[in-house]
Each structure stands twice: as C-alpha cells, then as structure tokens.
1. Principal axis lengths of region 456-572 from Cα atoms, whole Å, largest first?
2. Show me the ranking of peptides 468-480, 66-78 by mean Cβ neighbours inside 10 Å, starting with the highest.
3. Would you work out what percent of the accessible area of region 439-516, with all protein chains in place, is carbon or sulfur (probe 1.4 Å)?
4. Tell me which aspartates and glutamates have Cα within less than 12 Å of residue 450's Cα, excluding those fewer than 8 residues away on the same chain?
5. Evaluate 2.2 N^0.38 Å with N set to the residue count of region 81-234, then give the Cα radius of gyration divided by it.
6. Contour minus end-to-end for residue 731 and residue 706, with contour as 0.36 nm per residue of separation and end-to-end as the Cα-Cα distance?
7. Just report the Cα centroid separation between region 451-512 and region 642-671, whole Å.
8. Could you bin all the Cα-Cα distances of region 624-775 into 5 Å bins starting at 0 and give me the percent of pairs in each, rounded to whole numbers?
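The values are calculated or read from the model by the stated rules, or taken from the named source; none is laboratory data. As the structure is a computational prediction, the values presented were derived from the model and not from experiment. Cβ placement follows ideal geometry from the backbone for every residue including glycine, while neighbour counts extend to all protein chains displayed. Keep in mind that these areas ignore ligands, DNA and RNA; they rest on the heavy atoms of the full protein, side chains included. Shrake-Rupley method; radii C 1.70, N 1.55, O 1.52, S 1.80 Å.
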Amino acid sequence: MLKNYFKTAWRNLVKNKLYSFINIAGLSVGMAVAILIGLWIHDELSFDKNYKNYNNIGQVWQFVNFTGEKASYNSMPIPLAAELRNKYPEFASVSLAATHTGILTAGEKKLSEAGNYVEPVFAEMFSLKMIAGNRNGLKDINSILLSESVARAFFGTGNSINQTIRMDNKTSVKVAGVYEDFPDNSSFKQVHFLASWDLYADNEDWVKNSKTKWDENSWQIYVQLKEGADFNKVSAKIKDIRVKRDDPPAYKPEFFLHPMSKWHLYGDFKNGVNVGGLIQFVWLFGITGVFVLLLACINFMNLSTARSEKRAKEVGIRKVVGSVRGQLIMQFFSESLLVALIAFILALVLAQLTLPFFNGVSDKKMTVLWSSPLFWLIGFGFSAFTGLIAGSYPALYLSSFQPVKVLKRTFRVGKFAAMPRKVLVVTQFTVSVILIIGTIIVFRQVQYAKNRPVGYNRNGLIEIDINTPQLFGHYNALRSDLLNTGAVAEMSESSNSVTVQYGGSTDISWKGKTPEMHPLLMANKITHDYGKTIGWDLQQGRDFSRKFSTDSAAIILNESALRLMGFKNPLDEFIKVSGKDYKVIIKDMIKESPFAPVSPSYFILYYPGVNTINIKLLPQLSAGAALAKLQAVFKKYNPESPFTFHFVDEAYAKKFGYEERIGKLAAFFATLAIFISCLGLFGVASFVAEQRTKEIGVRKVLGATIFNVWRLLSKEFLLLVIIALLIAIPIAYYFMQKWLINYEYRTNLSWWIFASAGIGALAITLLTVSFQAIKAAVANPVKSLRTE
C-alpha cells in the first residue's frame, strides 16, 4: 500500500511538471542555504574546541582607564606570570607568549613564518597533537617545535627531529618535535613554530630588561585553571594585583581572565563590559537561514494548498469508489514527503557544488558533514517535518469533503480560502525586502569607511619587516642603493607599520593638563624621510628636516592629540615626553579600525630600534620590475633571508575583510531569497491565471484589452507587495540602526536605500507576474470559454 502511495505521488509530480519544478527548486534552494549557513554556524561555534582543556583555558586581559572610560587590552607585563603561578593555587598552568614572524633557515631553504615564543607548559596546555618528538621539547632552551606543514617544507617526508634550524640569522636551534597544524577554526591557525621563551628573553635585551617591569605591557599570558575553578571568581582575586603594589600607575589596571570559550565570538568590550562581538553575525546568519528556509516552505505550502483545491473532484471520486479518509490522508502526506525528500537530496548536491564558492567568500575550509549522524538526523527530520506541515492542509482539509457536494459542484472553497496564500506572499516579500535593505546598508557602511581619508597615500607603498640584524645600521647606504635602482621614489624606516597601532605612552604632560588626565598616546619612531615616503599631509608647521639639528627634540602630533590637548596655537606650545618638544600638526592617520575614531598619536625621530622599512615605488615601472630591483638590493644586505614584503593598500584592505565577507554573504542570501520568492509568486500567479481562465475569456469577448487583463491580474500582487514593504521597512530600519551603533564611524540610513529596495521589489513582482498575466491575456478567448 505504501509503495502505491509513492507511485501515485510520483505520477502526480510528473503530470504537473511546472508546479513540481517550482516546489522542488524553491525548497531545495532554501534547504541548501540552510545547510551552508548551518555549516558556517557550526564552524563558528566550534572555534578552538579541538583543545582538550578548552573549558579551563583562558587569557589574561586588563582594563585600563586613560580617558575616564575603561579600555581593554590583552598585553601584559612579564612579572605577572610568575605572580599568578606562585601565589594563586587556582592556576594549573601559566605561560608567557610573544607572537613573532621570523626567518627560519634550514640548509638552502629559507621561510618567513609566524610563530610564538612560549614557555614549555604551553604545548601541554593546548594539547598539541605531536607527529614526531614530544610536547616537552621546549624544556631545552635551544629547541623548536615545527608545524607539520613547515617541517614538510624544510625536510620533506624525512625525519625532522634533531635537524638544525637557524632563526632570524641570530641563533641555531634543534627541532625537538613536529606537531599537527592548528585547525583553521583555531585562534592559533597562523602559528607554525613554537620556540622557547627563555631563548627569546636571552636574545632580546629589551625583553630581558622587562622581566621585573610591571608597567611594560607587551606580551600575552595564557592560563589553565584547575578543575572546578571559576573564571569570574579567579578574575575577582587577581583584579587589583598591580594597584596594590608600590607606585601604582595612574591608569589603574584591572586584570581579568577571558575564557577561551569567548575568545572568538565575545571579544568586544566597552567600558569594562563584554558587549559580544562576532556572535552578532552568528545570530544574524542563523536568523537569515531560518527566514530563507521559511520562504521555501511558504512556497511549498502555498502551491500545495493552491493545487489541492483543483483536486477536490479527485477526492470526491476516490471516496465514491471506496477510499476512506485515512487512505486519502496518507496519499497527500506521501506526495508532500516525496517532494521534501527529493528537495533535500537536490539541496545536498547544490550545497556541495556551491561550497567552494561559499568557502572562498567566508574565508573558511568547511566540508559537508557526511559522516555525522546528527547531520543526517537533522536533514531527514526536517524534510519529514516540512513534508508533513506542507501536506497537512490538503491531507486534513480536502479529505473531509463530502463527495456528493463535490461531484454536484455545490462545493465552494469560501471567500477566505485565498487568505492564507496572501498572508504567505506578504511574509515572503517582507523577509526578502529586509534582506535587500540589510545588504545595501552593509555594503554602504564598508564603502563609507573605505572612502574615509586616511591621511597618507597608500598607492605604491610597500613595507618590509626587519626580522634579522643584518638590516640594522645600514640606513643611509640602503636608502642610497634603493634610490639608485630607478624604481624607488623614497624610503624610510619606522618602529611600526603604517597600518598598525602599537606602542604608546602615558608619560606625557603639557601646559593645561589636569592631574586627572592620563591619556594613552600612541607612538611611532621614524626617520627623517618618513613623511615624504608615505605622503602625509601637513596641516600646520613643517615636516622633519635634516637642515634642523633641533628636530631630534621635536615632535609631530596628529589632530586627535591636538584636540585632546586643547592647544589654540600649537606651534608655540611645548609638551614633555622625554624633554620639551615643539609641535607640527598633520591630518589624522588611520592605523587601527577604519570604523573607529583615530587615537591620539605622536611621531619622533629615532633611528635605533626601528622594525619596518617603508618604500614608495615609482609609478613609471611595473610592480614586478620594481620588486625585482628591490630584491637584488636586499640580497646584498641580507643574503641569508628571503625577500618578503607586503603592499600597504592590501594590508589596509584586510581591515574591511570581515565586514566585506558579511556583505557578500548577505548579498548571496538576499539574491536566493528573492529567487525563492519569485518562484513562489510565479507559481501562485500561474495558478490564479489558470483559475480565472474562463473569467478572462468572458472579459476579452466583452472588449477588455490586454492591458486591462494584465492590470486585473497584477494589481492584487502589487498590493500584497506594498503591504510587505510597509511591514519590512520599519523592521529593517530598527535592526540596521542597532547594527550601525556598533561602529563609531558609520554611514547614515538614507531614505533612498529604503525607496530603492521598495521600487526593486515592486519591479521584480511586476516582471514575475507579468509573464503569466500577459500569457493569459493573449490567449484565444474561445479556448478560454471552453475551459472546464
């Protein structure tokens, strides 16, 4: 019997090809979107969960008060680690860490890789999966642990243990172990080597000199709590460690623990309170996935109920020949379940085919969870649920018809029979319009930040990290050789990148500063030619110049610093950093998030201790030819290292990476939502046109024009879309305004965004409905009047 139900269901699908296609296509696209979003959410929620001690690992952060509001930082002083380790029994493990991009050399092979200097306990704390060697390898100060990919790059498939690696052309270490690469959904996915913290401290004098400095905040501290210890309670215990010591700083640091479970999705703090973070996008896409799937289910139910009214005679005949209501219910349910099952299988194919594109947009490496029983349970469970819900109306309602009324044509579906379909169409377009508006606003916000003046010229500007000692002490000679290549317009050095804000000071005073003010001013130590290299725009005063020997005691402030200090005539004022300096004012330079205010900053001349080489390329040469000439120069001064560089405009573009990916994903889902809505609208319009065939024939015989018929069939759907717009626009305005509040530098919600979305929805509706309306309008009225 069950076999016959599905055989009959299949025949009905084949007989009504158009409606079957619309049902299956819409539902499969909706399911595919749900699968993709589900995989994305699963990847986000499983971030860092590969670690055995996941629930007990945390990182030490601190709140500091520079301007009356608490700011949060994960940079810590070195002596705090020993304090936690020795005086607080709640900690099972404590490890200092410093991120470092270094030059690794093995034989003739040279690689520039990112890694961490850590204490030996780090490997056990983060449960490294060792392929060779063991986790205790870093107990030897002259050892290193390599990721599997780096070990393979150096030594192929051969044995890596005890092989010699040269680090930054400074010291040689032995490979003590090879660990499996950290997963892509891990906070350490870029970490490709682990070296000894003691080796780092021995090789870097500034690190060695900071071992007892409580106010040198430049490193990370990772901790593992003992079983049963609570993060909040331990945070309360360690909160005032610094302020209880001698000579507490004016910025009043408060230490706290940030659990690993919150690193990825709850990384934003505002005035000492965790305000979430990327979790907002998980919710956003979760809701989007539900809505897109809802649109597909609405199509399914809409067309199922519409077609079911045409099957009233079939129900009457089957009851007359002996079918009982239970059999009819099973028949209708089997049809719905078959459609849902076919749609699910097709959705899996669509998801697999589009996954490479989706991974590219979302910057992930996800795969369909073919081997997960939970995945299949959810998939088939949802398909069954969708089939039962969509089939419930025809199964329970039509099976209750009295055959005598149906066959005598005294059965009427009632004037409110179309109301559910109208409500569902309004719901569809409400969701679609909200997604369209949201997509426009996300793209507009990204574009708004992109067009923000940055205070310097990124075109043709490249940066080279100084990773080895060979590049120190050759500034004038290196600059001369680079300028002589004919590829370089200007060259300079600085203590950090033009796109990164790192290193600041609170030990700054000026006339009029109140005792309560303890602002943090970000610092960049630069050479004379820095301004000409990056092309900054001076607002007042002049740039540094070799013509003035007094410039060694001069300082350049940005506009944010000037506003903070409140100088009316800044060139006549002095501030004290490490002596009295005069000021030159420039435009604000964006070094942090393009969506946030510019931090107060200053620039001073300081040749030793620079970390970055800045080079402005001449536009006359192609980038490839220019870089080839630069490589030859750097090989001369630093032959043991690979020539590595990055373009500043590319580094700056990465600051928009997450928002741009969200915008592209939102556009992708909004397009699919519109597609699904149009499929449903096309199907319902087709049904309505078919239902009113005889009416249209009569109207044409009485003189109605094609335009009259088109208007008759279109106005109902346009009215439904207008109602959807009236619902969608206020909802979209409310939620997008709340989203924009997260950005201090943000675009406005202009009226044209909502108007264009509304006009677009109306245009799409007209295009979709017009096909069926015009098709019905041009039909031969004689054939229309013969229609039963």
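1. Each principal axis gives a Cα extent; for region 456-572 these are 51, 29, 28 Å.
2. Details: 468-480: 15.1, 66-78: 16.9.
Final packing ranking: 66-78, 468-480.
3. Numbers: 1670 of 3380 Å².
In region 439-516, the share of accessible area belonging to carbon and sulfur is 50 percent.
4. The qualifying aspartates and glutamates are 649, 659, 660.
5. On the way: Rg = 16.0 Å, N = 154, 2.2 N^0.38 = 14.9 Å.
Cα-based Rg divided by the globular estimate yields 1.07.
6. Numbers: separation 25, 0.36 × 25 = 9.00 nm, distance 3.76 nm.
Gain in length upon complete extension: 5.2 nm.
7. Answer, in whole Å: 23.
8. Going out from 0 Å in 5 Å bins, region 624-775 shows 2, 7, 11, 13, 11, 9, 8, 7, 6, 6, 5, 4, 4, 3, 2, 2, 1, 1, 0 percent.
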